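Working notes, beginning with the structure itself.
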Amino acid sequence: MSKIPLLCDNTSAINLTKNPIQYSRTKHIEICHHFIRDHVNNGDCEIQFISTENQLADLVTKPLNKERFNFLPNELGIIDFKFVK
Amino acid sequence: MENCKEISTPMATNCYLDSDEKGTSVDQTKYRGLISSLLYLTTSRPYIMFSVCLCARFQSNLKELQFTVVKRILKYLQGTTNVGLWYPSEVYLNLVGYSDSDFAGCKIDRKSTSGTCHLLGLSLISWHCKKQACVALSTPEAKYIAAGSYCAQSLWIKQ
């Protein structure tokens, strides 16, 4: 339980959490959002890359097509109890 | 709505939901009642979380367009009354989190939506969908902000 893995599908965002340098493109991000950077440095969480196909948080952020919408709940442990005995 | 046709997804992928100034106004009380019931359902049905949260943003200036989208969610729920979360016993417990965001998902103010999921073993224990408070200028920025809100939630779970 010491390091909670966080799976994110964007490498640039992952690099932002590890890199303390301010670039011109990141300078307007407000300080409160750099909260995660401290916790990554302290070792509370660990950020890993995951491909977009396996990104399960897609379900709560965008409208999905039929195939993907049927695939994601299975992975998250959401099942139809009609098929459970 | 009891005998309505079932639909396989709660929201169309090309769904364009904006304030629709020219549309005809409909009864607000009914819509708000529907939204409150649907928000209650999101505690056991995470898959309608996004569509319900999107519709809940339009409660003050309501038009026909938003009402149609909510009716589609009801049609979807008609076919999925037996679907729910499954918490199996005897599995190893390790906490994994997923964080994601769209980019400029809200058509009116171009703000992004962040979403996170926490899985303990094989079961879903925490999920969250929220429109971000600031405008993100790039996809990494939107994802970075989503990761920040994920981090806050995991620290709470860890306590």
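Provide, as a two-decimal number, the C-alpha radius of gyration of chain B over 2.2 N^0.38 Å, N being how many residues it has. Intermediate results must be reported in sequence, preceding the final value.
Working: Rg = 17.2 Å, N = 159, 2.2 N^0.38 = 15.1 Å.
Normalised by 2.2 N^0.38 Å, the Cα Rg of chain B equals 1.14.
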**Item:** Cα-based helix-to-principal-axis angle, B:139-158 vs chain B, degrees rounded to 10
**Value:** 60
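Where does region B:95-158 land on Rg/Rh, using Cα atoms and the Kirkwood Rh?
1.02
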**Asked** Any idea how far the Cα center of region B:84-100 sits from the one of region A:1-37, in Å?
**Response** 25
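Taking loop as defined by DSSP and a crowding limit of 13 other beta carbons within 10 Å, which chymotrypsin sites (Phe, Trp or Tyr not before Pro) in region B:51-159 fit? Before the final figure, lay out each step's value.
Details: sites: B:Phe58, B:Phe67, B:Tyr76, B:Trp86, B:Tyr92, B:Tyr98, B:Phe103, B:Trp127, B:Tyr144, B:Tyr150, B:Trp156; in loops: B:Phe58, B:Trp86, B:Tyr92, B:Phe103.
When the chymotrypsin sites (Phe, Trp or Tyr not before Pro) of region B:51-159 are filtered for loop state and at most 13 Cβ neighbours within 10 Å, B:Tyr92 remain.
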**Item:** Test item: A:62-68 mean partner chain Cβ contacts at 10 Å
**Value:** 6
**Message:** Which aspartates and glutamates, if any, have their Cα less than 17 Å from the Cα of B:Lys63, not counting same-chain residues under 8 positions apart?
**Reply:** B:Asp18, B:Asp20, B:Glu21, B:Asp27
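What fraction of the DSSP beta bridges in the protein assembly as shown is antiparallel, stated in percent and rounded to the nearest 5?
If I count the DSSP bridges inside the protein assembly as shown, around 75 percent turn out antiparallel.
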**Request:** Measure nothing fancy, just the Cα-based angle from helix B:28-41's long axis to the longest principal axis of chain B, in degrees from 0 to 90, nearest 10.
**Result:** 20
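For B:Val91 and B:Ala152, what is the calculated FRET efficiency with R₀ set at 22 Å and r taken between the beta-carbons, to the nearest 0.05? All intermediate terms of the calculation are to be shown ahead of the outcome.
Details: r = 26 Å, r/R0 = 1.19.
After rounding to 0.05, the efficiency reads 0.25.
If you take the Cα Rg of the protein assembly as shown and divide it by 2.2 N^0.38 Å, with N the number of residues, what do you get?
Values: Rg = 18.8 Å, N = 244, 2.2 N^0.38 = 17.8 Å.
Scaled against compact globular proteins, the figure is 1.06.
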**Message:** With an 8 Å Cα cut-off and a minimum separation of 6 or more residues, compute the relative contact order for region B:95-158 in percent.
**Reply:** 34
**Fill in**
Taking Rh as the Kirkwood radius computed over alpha-carbon pairs of chain A and applying Stokes-Einstein at 10 °C with viscosity 1.306 mPa s, one gets a diffusion coefficient in µm² s⁻¹ of 103
**Item:** Debye intensity ratio I(q)/I(0), log10, region B:1-84, q values 0.12, 0.15, 0.22 Å⁻¹ (C-alpha model)
**Value:** -0.33, -0.52, -1.10
**Fill in**
The helix B:64-79 Cα axis meets the longest alpha-carbon principal axis of chain B at an angle in degrees, between 0 and 90 and rounded to 10, of 50
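Within region B:64-124, report the trypsin sites (Lys or Arg not before Pro) that DSSP leaves as loop and that have at most 14 other Cβ atoms within 10 Å.
B:Lys107, B:Arg110
Here are some pairs, A:Lys82/B:Lys130; A:Lys62/B:Lys5; A:Lys18/B:Lys131; B:Lys130/B:Lys158; which of them have Cα atoms lying more than 27 Å apart in this structure?
Exceeds cut-off: A:Lys82/B:Lys130.
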**Prompt:** Relative contact order of chain B: what whole-number percent is it, with Cα pairs under 8 angstrom and at least 6 residues apart?
**Reply:** 21
**Complete:** When chain B is treated as a Gaussian network with springs between alpha carbons less than 10 Å apart, the largest mean-square fluctuation among B:Leu54, B:Leu95, B:Leu34 is found at B:Leu95
**Item:** Rg/Rh (Cα only; Kirkwood hydrodynamic radius) as it applies to region A:1-50
**Value:** 0.97
**Within region B:54-94: backbone nitrogen closer than 15 Å to the A:Val84 label point (7 Å, Cα to C-beta)** = B:81-91
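None of the figures in this text is laboratory data; all of them are computed from the coordinates on show. Keep in mind it's a predicted model, so treat the numbers as computed, not measured. Ideal geometry is used to build each Cβ from the backbone, glycine not excepted, and the neighbour counts take in all protein chains shown.
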